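This report refers to the structure that appears directly beneath it.
The values are calculated or read from the model by the stated rules, or taken from the named source; none is laboratory data. Please read all numbers here as calculations on a predicted model, not as lab measurements. Cβ placement follows ideal geometry from the backbone for every residue including glycine, while neighbour counts extend to all protein chains displayed.
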Amino acid sequence: MFLRIDRLQVELPAPREADPRAAAAVQELLGGRFGEMSTLMNYMYQSFNFRHREKLRPYYDLIANIATEELGHIELVSASVNMLLNGPRKDFDRSEDPAQSPWKGLPAGFNPHHFIVTGQATLVGNSLGQPWRGDYVFSSGNLILDLLHNFFLENGARLQKLRVYEMTDNPAAREMLGYLFVRGGVHALAYAKALEQLTGVDMKKMLPIPNIPNSHFAEARKFEERGVHRALYRFSPDDYKQIAAIWEGTHPQDGQPLQVVDGPPQGGDLAELAGIASSFAPEYAPEEIFEIAGKLYNKASGR
């Protein structure tokens, strides 16, 4: 079962302006081959299909717990895409009259599906608008092979995040990227440590891939200064405690102790996405919907 908390894993700064080109690039990190949808579903299905769970509990706990964190990463990347498409809007936007072709001047490189399909919001697909594919999931049943694949997947994801970072300087994108550089590094190291226990191969010597440290990037460096790169969050009140059998020792980067943190990160507030008349979201003239919602709120709160 999953417990949902109505917060992002980290707070994102508001964008200075709408940036459809950056949104298109960041979309790859959600629904592309190495996006957060892929990390989530790979680890989730491996946890569903895990054999001898009780005898191999530390490795099951690791995969299942990281899968749960990836649920929040999907939400975080989605929030970044939505903020880039929404811009600094706070109130319902009536300025774009559909009769005046308000989207004819969109910049080259935007993703048409963001405007045609989802009403200027995220989608379950890549930067070209192609849908995420179930055959991106690798769940072989062989524990070592699955862990090796997960190590590869995390590093492939880091490579693409770095390339997207090079495509935009928008703070709503870069803050998210800096955080995920660090959290992806935690996952890659965790899988490397699990493989070392099982095979004796010290795969952490290969990290980071690509060979440029997170500390090179200001948005990631500040999270490392807080110790986020040494923390493996345990996303459960009572379960997945045996991740401590794998996530132990010191971090190869700074020699400081690794730590299992009970519970999720403190996180930050979700951005409020304003309505957009030209997208008919939530409706072209939504006053009636607002009125109904207000009545329901008053009824629920006993007013």
| Any idea which of Tyr165, Tyr191, Tyr136 is within 23 Å of Ala25 (Cα to Cα), in contact with a Leu (Cβ under 7 Å, 6 or more places away or on another chain) and hydroxyl-bearing (Ser, Thr, Tyr)? | Tyr165
| query | Is there a residue being under 17 Å from His73 (Cα atoms) and at pLDDT 95 or above anywhere in segment 192-209? | reply | no
| note | The one condition Ile144 fails out of (1) hydrophobic (A, V, I, L, M, F, W, C); (2) in contact with a Leu (Cβ under 9 Å, 6 or more places away or on another chain); (3) farther than 30 Å from Gly200 by Cβ is (3)
| task | Please determine, by comparing only the residues of segment 9-61 that are of a type in the set (S, T, N, Q) and assigned to a loop (DSSP other than H, G, I, E, B), which one is farthest from the chain's Cα centre (by Cα). | result | Asn49
| task | For Ser101, state whether it is surrounded by fewer than 17 Cβ atoms within 10 Å (Cβ to Cβ), free of Cβ contacts under 8 Å to residues at least 40 places away in the same chain and touching a helix residue (DSSP H, G or I) at 6+ places or on another chain (Cβ under 7 Å). | result | no
| query | How many residues, within segment 83-102, are of a type outside the set (Gly, Ala, Ser) and part of a helix (DSSP H, G or I)? | reply | 6
| request: Within segment 222-251, count every residue that is surrounded by fewer than 16 Cβ atoms within 10 Å (Cβ to Cβ) and among the basic types (Lys, Arg). | output: 3
| So which residues in segment 201-251 are among the β-branched types (Val, Ile, Thr), more than 14 Å from Tyr191 (Cβ to Cβ) and in contact with a Leu (Cβ under 7 Å, 6 or more places away or on another chain)? | Thr250
| Among all residue pairs at least 6 apart or on different chains, which show Cβ distances below 7 Å where the first residue, located in segment 188-204, is polar (S, T, N, Q) and the second is surrounded by 19 or more Cβ atoms within 10 Å (Cβ to Cβ) and modelled with pLDDT under 95? | none
| Residues being touching a helix residue (DSSP H, G or I) at 6+ places or on another chain (Cβ under 6 Å) and either under 21 Å from His73 (Cβ atoms) or of a type in the set (Ser, Thr, Tyr) (or both) - total across segment 252-303 | 7
| field | Counted residues, segment 207-235 - those being on the phi < 0 side of the Ramachandran plot and outside any helix (DSSP H, G or I) | value | 14
| Do you know which residues across segment 121-157 are among the polar types (S, T, N, Q), within 19 Å of the chain's Cα centre (by Cα) and either exposed (fewer than 15 other Cβ atoms within 10 Å of the Cβ) or within 30 Å of Ile276 (Cα to Cα) (or both)? | Thr122, Asn126, Ser127, Gln130
| Just wondering, is there one or more residues in segment 187-203 that are β-branched (Val, Ile, Thr), under 21 Å from the mean Cα position of the chain (by Cα) and under 23 Å from Asn42 (Cβ atoms)? | no
| Residue check for Thr118: assigned to a loop (DSSP other than H, G, I, E, B), within 17 Å of the chain's Cα centre (by Cα) and at pLDDT 95 or above | no
| Checking Asp91 against (1) surrounded by fewer than 21 Cβ atoms within 10 Å (Cβ to Cβ); (2) modelled with pLDDT of 95 or more, the condition it does not meet | (2)
